[in-house]
Amino acid sequence: MCGIVGYIGKKQAAPILLDGLKKLEYRGYDSAGLAVRADDGEVSVVKAKGRLARLAERTENGALLQGTCGIGHTRWATHGEPSEENAHPHKCMDGSVTVVHNGILENYKELRDKLVRKGYTFHSQTDTEVIANCIDYYYKKYKLGPIDTIARFMMRARGSYALAVLFADCGDAIYVARKDSPMVIGAGRGEMFIASDVPAILKYTKRVYYIENYEMARITREGVEFYNIDREPVEKHAVRVKLDENAAEMGGYEHFMIKEIHEQPRAVELTLNSYLNGEYVDLSECKITDKFLETDEIVVVACGSAYHVGVVMQYVVEKLARIPVRVELASEFRYRDPILGKNALIVAISQSGETADTLAAVREAKARGIRTLAIVNVRGSSIAREADKTIFTYAGPEIAVATTKAYSAQLAVGYLLALEWARIGGRVDDVQCAAYIAELRNLPQKIEKILENKQSVQKFAAENSTVNDVFMIGRGVDYAACLEGALKLKEVSYVHTEAYAAGELKHGTISLIENGTLVLGVLTQSDILEKTASNLEEVKTRGASVVTVSFEGAKIPAEAEYAFTVPGTHELFAASLTVIPLQLLSYYVSLQRGLDVDKPRNLAKSVTVE
Ligand code: F6R
């Protein structure tokens, strides 16, 4: 939700800021803006509604903004509609403080009213303009400098923020502060960078500092000084990130989504290889012991696609390990006072590691003394740092807003955990474990095989891109795959799609089936395959066009107008394969409809607000 960047060095800031924002556009893209400080101290702001390209155009790729110190922002609107007025950066009333902000100031109304009483006026509907004026107010009232001022603001602010602030009368320096919204600081030679996410600055430096909650920093060309909320200096060391800068580039593909779909074999392979040692699961890299995993109650908390991984895990873990698994939407879990046994284990799944609700669920569990285990893709992210233990997925940077490769890598970790719980509980012996692992090791090449045959999905998408309603039905892990397939089709193609447990359709929803409704059945679970096939017959009788996704060579007792097949695997791992044609379908339907597949409307990649 919103991306922020900053640069201070010897080069012109604006082109570097635009370049960084380009890498962060996945975080929000309804408007963007830059603030650059000229040599005479004057801070110029340029903003544009719409995509970053408009801002680049307006500033002639940054050439119109002269100065070597600046901040930038790409917005996902929370307070105030997407407009130029509401775009960041925001200045305080007299222009002496300039702010970019990622997060939500929850008590902004109260602070705004107070500032209005003090004579401040406002031009936007944003909480960020309140921050700019509030900082200005404390700066002028106490006259104790930027760090003291920002600390005072932090003590009064409720909500989340990553802030970058320029003070007109404090020389060339960028001041930053953070609570619950991500921010990294990059260290170069005679130049420093700030960004919401590492890929935005990888091109310039691989040395980064992580700033913690309730910390502030003063950044100059010479380096960075950190402070806690009591204004005391904090010592920190830069870490070297291992990410490859090209991983966040398109690499010859037309879109990030299709690139990332194609990166799935590698993401799954790398993730599996990182935690497999011959025929055993080995989580020692994550310092996870059997004792840590021992539990009689697993609660998965996650949002969106990560939640769908949890649904797959529920089927797989319960079947293999016979431990009860509950899967909860993190946004519900955090507020419903859940009942948790002392020996429960919370498993938080998140690509970004910054999803506000999932992070809050981790904190809620920790506050109750419950163990937390995170499955996260982004190193250094809040969830990774706050959970008791973290298993990283090796998907690499995921840029397309719709997740694909991170979902697949999360599934791989879910299977490994299921096997570990089964082994610890004595539910599988070494021979069985080795057989499951051998099958897992085959998944990457099977995904590759599906991708080689993507033309069939492309053709189907071309013929069906005008469809209005789609239902995806299945049972067991097939239902879990449908949940993910339906979300993909909705979010990137804007096609109304519902996932239904196949047996549930007739309890109401079947009344929506009419001539031309597309019903896609996923059928890989042999013991319940005939039941789903019967459900497909029921909708066909009512006019639906039926499509199936099944294992190659399997006999499907339902006649379909179109049949996609995927290589066979162990039925418990089927979602890793059946989801691939559904991802491809979403991608190609979106292209057919002429949509922006990497940046669907109203969305943002990292959901750092509730
Ligand atoms: C859908 C999608 C989202 C995310 C969700 C959680 O394609 O990407 O539903 O899965 O916002 O995000 P993370 O995994 O970053 O916590």
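I need the chymotrypsin sites (Phe, Trp or Tyr not before Pro) found in segment 399-494, filtered to DSSP loop residues with at most 16 other beta carbons within 10 Å of theirs.
Values: sites: Tyr407, Tyr415, Trp421, Tyr436, Phe460, Phe471, Tyr479, Tyr494; in loops: Tyr494.
Answer by residue number: Tyr494.
You can think of it this way: the chain between Glu537 and Asp296 has 82.7 nm of extra reach, that is 0.36 nm per residue less the Cα-Cα gap. For Val401, the shell of other residues with beta-carbons less than 14 Å away shows a net charge of +2, using +1 for Lys and Arg and -1 for Asp and Glu.
Backbone phi angles across segment 386-399, fed through the Karplus curve with coefficients 6.51, -1.76 and 1.60 (θ = phi - 60°), yield HN-Hα couplings of 8, 5, 4, 9, 9, 9, 7, 8, 10, 8, x, x, 10, 9 Hz in residue order; Gly and Pro are listed as x.
Counting only C-alpha contacts under 8 Å and six or more residues apart, can you give the relative contact order of the chain as a whole percent? Working shown, then result.
On the way: 1411 pairs, mean separation 72.8, N = 610.
Over the chain, the number comes to 12 percent.
Would you list Lys140, Lys23 from fewest to most Cβ contacts within 10 Å? Provide the component values of the computation, followed by the final result.
Working: Lys140 13, Lys23 25.
Listing Lys140, Lys23 from fewest to most nearby Cβ atoms yields Lys140, Lys23.
Provide the FRET efficiency to the nearest 0.05 for the Ala554-Asp169 pair, computing r from the beta carbons and using R0 = 56 Å. E between Ala554 and Asp169, to the nearest 0.05, is 0.15. Taking all Cα pairs closer than 8 Å and separated by 6 or more residues, the relative contact order of segment 251-441 comes to 30 percent.
Per-residue extension of 0.36 nm, minus the Cα-Cα distance of Lys342 and Asp40, leaves a gain of 102.6 nm for this segment.
Relative contact order for segment 3-246: what is it in percent, counting Cα pairs under 8 Å that are at least 6 residues apart?
Details: 611 pairs, mean separation 47.7, N = 244.
It comes to 20 percent, rounded to a whole number.
For segment 15-96, run through the GluC sites (Glu not before Pro) and keep only the ones in DSSP coil with at most 13 other Cβ atoms within 10 Å of their Cβ. Those that pass, being in a loop and sparsely packed, are Glu42, Glu60.
With the highest mean first, a sort of the peptides 593-599, 269-275 on other beta-carbon atoms found within 10 angstrom per residue produces 269-275, 593-599. Sequence-ordered 3J(HN,Hα) estimates for segment 359-376 from the Karplus curve with 6.51, -1.76 and 1.60 and θ = phi - 60° stand at 4, 5, 5, 4, 5, 4, 5, 5, 4, 8, x, 9, 5, 10, 10, 10, 10, 9 Hz, glycine and proline given as x.
Just from its helices, what would the mean residue ellipticity at 222 nm be for the chain, if runs of 4 or more DSSP H residues each count -39500 (n - 2.57) and the sum is divided by every residue, rounded to the nearest 500 deg cm²/dmol?
Details: 18 runs with 220 residues, N = 610.
Mean residue ellipticity at 222 nm (helix-derived): -11500 deg cm²/dmol.
Indicate, rounded to the nearest 5 percent, the antiparallel portion of the DSSP beta bridges found entirely in segment 251-441. Display every interim value, and only then the final one.
Values: 2 of 21 bridges.
Around 10 percent of the beta bridges assigned by DSSP in segment 251-441 are antiparallel ones.
The residue list Ile556, Gly568, Ala247 was ranked by how far each Cα lies along the charge dipole of the chain toward its positive end, using unit charges on Cβ atoms, and Ala247 comes out on top.
Let me check I've understood the local charge: for Asn228, count other residues with C-beta under 10 angstrom from its C-beta, Lys and Arg +1, Asp and Glu -1. What total comes out? Please list the in-between numbers first.
Values: positive: Arg231; negative: Glu212, Glu215, Asp230, Glu232.
With Lys, Arg at +1 and Asp, Glu at -1, the net is -3.
Read-outs throughout are calculated quantities, based only on the coordinates presented, and are distinct from any laboratory measurement. Remember, predicted model here, so these are calculated numbers, not experimental data. Every residue, glycine as well, gets a Cβ built from its backbone with ideal geometry; the counts of neighbours run over all protein chains shown.
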